[in-house]
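Below: one structure, written as structure tokens.
The values are calculated or read from the model by the stated rules, or taken from the named source; none is laboratory data. For clarity, every value in this text was computed on a predicted model and none was experimentally measured. A quick note on method: Cβ atoms are made from the backbone with ideal geometry, for glycine too, and the neighbour counts reach across all protein chains shown.
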Amino acid sequence: MFHVDHTDGKARTGTLTTRQCEVATPAALLYTFRGSPLSLTPDLLDSLGPEARTLHLDASQFLESPGPDLLRKFGGGAHGFFALQGCTLIASPRDPLTYGIQRWRSGADEGIRVASHSGHQDLPVTRYLDVMSALAPDYFAALSDEVPSVKVSHRRAAVSVDRTLHWLDQCLAAKQGSSGVLASIQGSSYSFERQRCASEAARRPGVAGFSLAGFGTGESCEERAALMEATTAELPENLPRFLLAGAGTPEDALDAMAAGVDFIDGSFAVRAAYTGAALLLRECDRGQASAQAPNQSEQTQSSALPQYEPVSRHAAQLSSAPPWRRGPADAAAHQELGGKVVLDRNNKRPPHAASRETSVHRDRHTRAYIHHLLNVNEMLAQILLEVHNSQNYLGFFADARRAIAAGTFADHRLAFLERKTLVGAAE
């Protein structure tokens with residue numbers, strides 16, 4: 001059950017009640033790989049509070065090892081197998097960390113092709129539903145014929161919409177158990193095709209929500225925001241909306257909130273951790289940095305400066321590829337990060353940043369120690385950074401919810417963008 005609590009323009013707060021818990025929205029979906037957060041044990045996940053109990057599952061990681069048969073043999077679905085009782089699980093057929101860089105192939109009438117840990121495999125609707133039946137998540141996105149958001153002909157986009165709606169009908173007809181089916185919305189860069197898909201999907205009985213698919217595959221931020229707004233305009237107010245992949249930065253998350261999206265891909269926190277960065281996204285983190293802002297002309301010149309600096313130069317050599325497939329340095333990965341390292345070198349607050357230390361590291365670990373852990377490839381570095389980044393990103397979403405409830409979301413969003421520019425210029 002989902003209900004909207006407050007609205008501010010198209011942005012909205014709400015509450016989703018599942019069989020596991022209640023979730024306040026807009027909410028971040030924490031990233032998992034093969035059923036678990038990369039570096040967070042169950043006790044660490046608990047320490048992040050109830051907001052950390054909403055996670056994303058990639059169905060392509062359960063085609064084998066563990067496959068549907070093993071999951072069924074154990075019983076309890078993903079909640080029981082991965083000890084995620086009390087969590088709300090949302091499943092889709094793609095990994096949000098690799099979604100935007102996948103090689104897109106033409107679809108077929110039977111299903112799609114996915115990259116699994118043993119190579120590319122065909123994933124027809126029947127096999128996808130078999131995996132979902134075994135996982136038994138709270139919600140899963142219906143299989144969709146995915147196409148990039150750029151360089152796609154109108155004819156191909158229209159075919160994608162038709163196939164996606166047909167597969168939605170198959171998912172709804174075969175629905176078993178208590179998993180809610182999310183209607184996937186396709187249409188590439190054609191707003192009228194996305195609106196057609198949304199309006200057609202909204203008329204299907206049994207749809208439990210909507211997944212805005214195909215974003216983060218080449219479109220600009222402005223194009224993405226316009227497409228999301230055009231899509232959500234066709235969706236009913238009383239059902240939740242999901243952006244399960246394609247929100248690569250905090251700015252993208254704010255754009256999605258502004259368009260009325262309720263659940264947003266939170267893999268940014270993990271991506272930052274595995275490039276050696278600690279996030280600093282909240283106003284309380286910034287301290288007095290804005291007081292050191294240069295004049296307007298200097299702001300304009302430096303507005304493009306990245307707010308990212310790894311704790312260790314060795315960490316800067318980590319790839320933008322998934323953390324289990326590290327490769328050579330990828331500078332583009334660092335440019336997209338919206339945070340900056342905030343760990344003190346000697347347990348003292350840095351100048352003009354009275355609140356920059358984090359609750360995770362403040363009393364226990366210095367920046368120098370994190371630097372050492374990264375240099376020697378010690379797993380504890382990623383654990384500490386993922387705990388901190390997840391906590392900071394969840395707090396970023398909580399701040400947005402408070403702003404929407406207070407009717408000040410537009411100002412909150414603008415203040416975040418200005419604060420990012422000013423801090424980057426001051427350094």
Please tell me if Val23 is touching a strand residue (DSSP E or B) at 6+ places or on another chain (Cβ under 7 Å), farther than 20 Å from Gly266 by Cβ and β-branched (Val, Ile, Thr). no
Would you confirm whether any residue within the stretch 246-254 is at pLDDT 50 or above and in a strand (DSSP E or B)? no
The stretch 122-151, subset over 30 Å from Gln85 (Cβ atoms) and surrounded by fewer than 20 Cβ atoms within 10 Å (Cβ to Cβ), residue modelled with the highest pLDDT: Pro124
Subset of the stretch 52-63 that is in a helix (DSSP H, G or I) and more than 14 Å from the chain's Cα centre (by Cα) - its residue that is surrounded by the most Cβ atoms within 10 Å (Cβ to Cβ): Ala59
Among the residues listed as Phe210, Phe242, the single one being touching a Pro at 6+ places or on another chain (Cβ under 8 Å), closer than 16 Å to Arg12 by Cα and not assigned by TED's automatic domain parsing to the domain that holds His371: Phe210
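Are any residues in the stretch 180-198 closer than 16 Å to Ala142 by Cα and surrounded by fewer than 21 Cβ atoms within 10 Å (Cβ to Cβ), and if so, which ones?
Correct list: Gly180 only.
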Within the stretch 202-217, restricting to residues that are surrounded by fewer than 24 Cβ atoms within 10 Å (Cβ to Cβ), over 19 Å from Arg155 (Cα atoms) and touching a Ser or Thr at 6+ places or on another chain (Cβ under 9 Å), the one that is modelled with the lowest pLDDT is Gly216
Mind counting the residues in the stretch 255-284 that are assigned to a loop (DSSP other than H, G, I, E, B) and small (Gly, Ala, Ser)? 7
Does the stretch 164-182 hold any residues that are modelled with pLDDT of 95 or more and charged (D, E, K, R), and which are they? Asp169
Tell me, yes or no, whether the stretch 155-165 has at least one residue that is β-branched (Val, Ile, Thr), more than 16 Å from Pro93 (Cα to Cα) and in contact with a Cys (Cβ under 6 Å, 6 or more places away or on another chain). yes
With (1) in a strand (DSSP E or B); (2) surrounded by fewer than 15 Cβ atoms within 10 Å (Cβ to Cβ) as the list, and Lys73 as the residue in question, which single condition is left unmet? (1)
Just to be sure, is Ala78 under 16 Å from Ile264 (Cα atoms) and either polar (S, T, N, Q) or at pLDDT 90 or above (or both)? no
Looking at the stretch 225-233, is at least one residue buried (at least 24 other Cβ atoms within 10 Å of the Cβ), in a helix (DSSP H, G or I), in contact (Cβ under 8 Å) with a residue 60 or more places away in the chain and under 11 Å from the mean Cα position of the chain (by Cα)? no
Go through the residues of the stretch 93-103 one by one and say whether even a single one is in the same structural domain as Ala213 (by TED's automatic domain parsing), exposed (fewer than 15 other Cβ atoms within 10 Å of the Cβ), modelled with pLDDT under 90 and closer than 21 Å to Met228 by Cβ. yes
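Please determine, by comparing only the residues of the stretch 169-222 that are of a type in the set (Phe, Trp, Tyr) and in a loop (DSSP other than H, G, I, E, B), which one is farthest from Arg19 (Cα to Cα).
Of all residues in the stretch 169-222, those of a type in the set (Phe, Trp, Tyr) come to 190, 192, 210, 215.
Still in the running and in a loop (DSSP other than H, G, I, E, B): 190, 215.
Numbers: Tyr190: 37, Phe215: 29 Å.
The selected residue is Tyr190.
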Taking the stretch 24-51 as the search range and keeping residues that are closer than 22 Å to Leu97 by Cβ and part of a strand (DSSP E or B), which one is farthest from the chain's Cα centre (by Cα)? Ser36
